[in-house]
1. Check Y177: other-chain or 5+ apart residues with amide H under 5 Å from its amide H, H built from backbone geometry?
2. Apply the Karplus parameterisation 6.51 cos²θ - 1.76 cosθ + 1.60, with θ equal to phi minus 60°, to every residue of segment 317-330 and state each ³J(HN,Hα) to the nearest whole Hz, in sequence, with x for glycine and proline.
3. Run the paramagnetic zone check for E158: 7 angstrom along Cα to Cβ, then residues of segment 60-96 with backbone nitrogen under 19 Å.
4. Zone of F147 (label point 7 Å along Cα→Cβ, backbone N under 16 Å): which residues in segment 102-117?
5. What does the highest-first list of 282-295, 47-60 look like by mean Cβ count within 10 Å?
6. Using packing as a proxy for protection, rank 312-321, 366-375 so that the peptide with the highest average count of other Cβ atoms within 10 Å comes first.
7. Taking the Cα centroid of segment 91-155 and of segment 235-282, what is the distance between the two, rounded to the nearest whole Å?
8. If amide H atoms are built 1.01 Å from N in the plane of the peptide, which residues on other chains or at least 5 residues away come under 5 Å of the amide H of Y167?
Amino acid sequence: MSGYQDLKKNLFGGSASISRQFGMIFTLVAIILLFQILTDGLTLTPGNLIAVVSQYSYILILAIGMLMVIVAGHIDLSVGSVAAFTGIIVAKAMKDFDLPWPPAILLGLLVGAVIGAWQGFWVAYVGVPAFIVTLAGMLLFRGGNQFIGNAATVPVPEGFRTIGAGYLPEVGPSTGYNNLTLLLGGLAGVAVVWRERSARRTRREMGARPAPLWVSGVRLVVMTGVIVFATLRFAGGRVGTSLPVSGIILGVLVLAYSFYTRNTVSGRHIYAVGGNARAAELSGVKLNRVNFFVMMNMSVLAALAGMIFVARSAASGPQDGLSWELDAIAAVFIGGAAVSGGLGTISGSIVGGLVMALLNNGLQLMGVGVDLVQIIKGLVLLLAVALDVHNKSQGRFSVIDSVTRPFRRDTPAPGAAGADAPHSEAKVPAAG
């Protein structure tokens, strides 16, 4: 194998992530560099990067849940309304009933769970298509938001705003940077090195050939370089700002759900159901349980996203959550998920969400009006997918084709080897 092939196969680790990383991350980097030039260096300033994470973290949280819904073969059109409905209930509970903000957050998550159980029941146990159930939910909970809030804004207390507008605090000696952000970046770097060493050791113990040592070195240099750059950017913002609390919440969710979808039996079952529900059922997968879970989980994450948005806005209002479902769905499909279900990764959806976020941010920095921003985003999304589909039909390189290749089913049925392993190793989505 040539050096280039070694690098392409192993740079980001795992066969399932090869083309996704070389395709989607390359696109993200290209967008960043383009707007860095067009905005005279404003895109990568600490203040702008901090603002991007703060402004779009709730959409990326929605993309995590939406990925699992779409992988299972469904769609959820109600997430924006669920977020708004939860936001107004939590805001009213704190304002009218003096509920402290920590229990209020738990109340919001409970509201999301109840809504998700309601919608999951209709989808999983009654058999109503998720499109119809969530379309009804979009109308129901949007109306509920306006009814409970009387179509008015409801402010939230200062403590609650921390989850949406807070940053890591300033502690320790004066270094010119936020020390907690530096510490977090250092821990991330150590984790990357530990993961690389652990992966190489595991492959040796299994009798498999690890990636060439020089490839591991390149990978570590690239990943630690990105971590160092991001750490210094976020730690170097103006005094009082640093890595947003909402960004930390997002990071924890990405790690947790990436592990869940890749390394647990129930997470793999979601892919099995979306790829071939009948075969999954014959292999022992509980379809109703999987469908119920993905719908319920989506509403819980929508409730969390809604509370983060309300906290950042300092108030809940009747216009909260409008079109959020479209942004989340776009992020998932740009990140490589298949319309028919069964394909997609958490990390791919986050990259897709960042592509849309930085595109939107870059156009705003250039002074493009909101109307034209929407037009450009729509055209870019449509043309990118159309070009990719055309290239695939002509036998040329296709990003979507490359993204989906590692997950294709060349065997008769997922789970043929047993309910605990509905996919082979090559078909397991890559985390991270």
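Here, each number is a calculation from the coordinates, and none is a lab measurement. Values in this document were obtained by computation on a predicted structure and should not be read as measured data. Backbone-built Cβ (ideal geometry, glycine too); neighbour counts: all protein chains shown.
1. Sorted by chain and number, the residues that satisfy this come to none at all.
2. Coupling constants for segment 317-330: x, x, 9, 5, x, 5, 6, 4, 4, 5, 5, 5, 5, 4 Hz.
3. 94-96
4. Output list for this probe position: 115.
5. Top to bottom by mean Cβ count within 10 Å: 47-60, 282-295.
6. Order by mean packing, descending: 312-321, 366-375.
7. 22 Å
8. Correct list: V245.
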